[in-house]
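Notes follow the structure.
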Amino acid sequence: MKLDKKLKQLPLVKTKPTSLDHLFGEQDLQTMWVADSDFQIAAPIQQALMERITDAGFGYEYKPASLFEAQRAWYKKHYGVNLVHEELLYSPSIPTTLTFVMEELTAPGDGIIIQPPVWNDFRNIIRRTKRKVEKNVLRLAASRYEIDFEDLEEKASAPANKALIICNPHNPVGRVWTRAELSRIVDICRRHDLLLISDEIHKDVVLFGHSFTSMLHYANKWDKLVICTSEAKSFNLPGILDSLAIIPNESLRKTIVDTLKKYHLGRTNALSRVALETAYRQGEAWLLELRKIIEDNVLIIEEELHHARSPIKLIKPEGTFQVWLDFRAIFSDTKIMFKQVTQNSKVALNAGHWYGREGALFMRMNIATTGEQVRQGIRKVIGAVG
Ligand SMILES: Cc1ncc(COP(=O)(O)O)c(C=O)c1O
């Protein structure tokens, strides 16, 4: 897989000087934070985009049946579920959909349950829409995170709590929820009449034989369900700005479709349309290669930590291209940890506490890059605390 050196010259969020200054206090850093990858997109996607650019003009486009057919075949083959055309809607990003879901399907003041440490925008969206964050904190048992189902049952049964947002695979702790876990979640939502929102953006990056199950499998048991996903993580396409939501319940779906219409967000971008259809039709080989590289990179981290007898502990991911590193044996103050690791290593990592205080004394490292970069990065981090 080619790493495009030119990527570094793009105005990427992860190398934006003002962001680096603001968050890390300096600019000259190895950037292993924002969750996009360093890899050049799959050759067939690049080719199709080039052909589209040289083709005719850029009139108003719609998403043709061929895109849905490609998507349906992908979902059938990879996740064993049948997509229904009428149940899908597209929006520019998952946060856009989540914001509308909060505003239209819940009420101000409603409790929305999340499972921290978890992707920080869940919390931001809940707060910005004037809902209330309720936490069903994940438990770290040995070196694997688990759902505290007793606590979830309790939170779900509180009348003020109206929705649950899960992240599968889970960013940042790397769990890929099992069918047994998903089915317990569905059962709890059904018994307590909770809106279930499943963010499945990391669905294609599953590692070491783990297998991803979409919530769509359970739509026949509980259809107060919104699934948000996109191909951004799978094919390094976040800059293409497109996302998918699957809402099997007609009345819920109509509410969100009407809101997207109200803000004129249902339009089709010609380039994202081409990129997505090509990814579904011809992207599999590239994705398999990506997964192998990520697995190798996890093993490099394990090997380096072991070799250095480092007190940093790796929470081995089952999915996503992030690793979650445990610094609790070294530090007791999360701010001191962040400052020391950043300043001494010159590697930009996400601080664990950005994902909620439950992530304090952990850090997230993005490993969607070459093995060489990963080895360099982890060595610098090990050296920074040694
Ligand atoms: C769980 C999760 N959802 C959504 C997103 C971002 O979605 P989008 O690319 O549509 O803005 C991310 C990005 O890191 C994520 O981790």
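The values are calculated or read from the model by the stated rules, or taken from the named source; none is laboratory data. Since the structure is predicted, the reported quantities are computational estimates derived from the model, not experimental observations. All Cβ positions, even for glycine, are placed from backbone atoms using ideal geometry, and neighbour counts span all protein chains on display.
When the residues of segment 319-345 are narrowed to those that are part of a loop (DSSP other than H, G, I, E, B) and within 25 Å of the chain's Cα centre (by Cα), which ends up surrounded by the fewest Cβ atoms within 10 Å (Cβ to Cβ)? Working first, answer last.
Here is the first cut: in segment 319-345, the ones part of a loop (DSSP other than H, G, I, E, B) are 320-321, 327-333.
The next check asks that each one be within 25 Å of the chain's Cα centre (by Cα); those that pass are 320-321, 327-328.
Working: Thr320: 29, Phe321: 27, Phe327: 23, Arg328: 16.
Step by step, filter segment 319-345, then rank; the result is Arg328.
Counting only strands (runs of 3 or more DSSP E) that sit wholly inside segment 217-318, those with at least 1 residues that are under 30 Å from Ala56 (Cβ atoms) are 243-246.
The lone criterion from (1) closer than 21 Å to Ile382 by Cβ; (2) surrounded by fewer than 21 Cβ atoms within 10 Å (Cβ to Cβ) left unmet by Asn269 is number (1).
Given the residues Leu89, Leu152, Leu98, which is the only one that is more than 20 Å from the chain's Cα centre (by Cα) and either crowded, with 17+ Cβ neighbours inside 10 Å or assigned by TED's automatic domain parsing to the domain that holds Glu250 (or both)?
Details: Leu89 fails: more than 20 Å from the chain's Cα centre (by Cα); Leu98 fails: more than 20 Å from the chain's Cα centre (by Cα).
Criteria check complete, one pass: Leu152.
Residues in segment 350-386 that are part of a helix (DSSP H, G or I) and either surrounded by 21 or more Cβ atoms within 10 Å (Cβ to Cβ) or of a type in the set (A, V, I, L, M) (or both): 10 in all. Among the residues of segment 52-105, those identified as within 16 Å of the ligand (Cβ to nearest atom), out of contact with any Asp or Glu (no Cβ under 9 Å at 6 or more places or on another chain) and either of a type in the set (S, T, N, Q) or within 22 Å of Gln282 (Cβ to Cβ) (or both) are Leu88, Thr96, Thr97, Thr99. For beta carbons closer than 6 Å, sequence separation of 6+ or different chains, a first residue in segment 172-200 that is within 19 Å of Pro248 (Cα to Cα) and assigned by TED's automatic domain parsing to the domain that holds Thr229 and a second that is part of a strand (DSSP E or B) and hydroxyl-bearing (Ser, Thr, Tyr), the qualifying pairs are Glu200/Thr229. If the condition is being outside any helix (DSSP H, G or I) and closer than 15 Å to Leu252 by Cβ, then segment 201-216 contributes no residue at all. For Gln115, the conditions (1) touching a strand residue (DSSP E or B) at 6+ places or on another chain (Cβ under 6 Å); (2) modelled with pLDDT of 95 or more; (3) within 16 Å of the ligand (Cβ to nearest atom) all hold with the exception of (1). Tell me, please, whether a residue that is at pLDDT 95 or above, under 30 Å from Asn297 (Cβ atoms) and surrounded by fewer than 13 Cβ atoms within 10 Å (Cβ to Cβ) can be found in segment 48-70. Yes, some residue in segment 48-70 is at pLDDT 95 or above, under 30 Å from Asn297 (Cβ atoms) and surrounded by fewer than 13 Cβ atoms within 10 Å (Cβ to Cβ). Which one of Asp36, Asp28, Asp21 is acidic (Asp, Glu) and in contact with a Gly (Cβ under 9 Å, 6 or more places away or on another chain)? Of the residues listed, the single one that is acidic (Asp, Glu) and in contact with a Gly (Cβ under 9 Å, 6 or more places away or on another chain) is Asp36. Scanning segment 17-50 for residues that are in a helix (DSSP H, G or I), touching a residue at least 60 places away in the same chain (Cβ under 8 Å) and either farther than 22 Å from Ser234 by Cα or among the aliphatic types (A, V, I, L, M) (or both) yields a count of 7.
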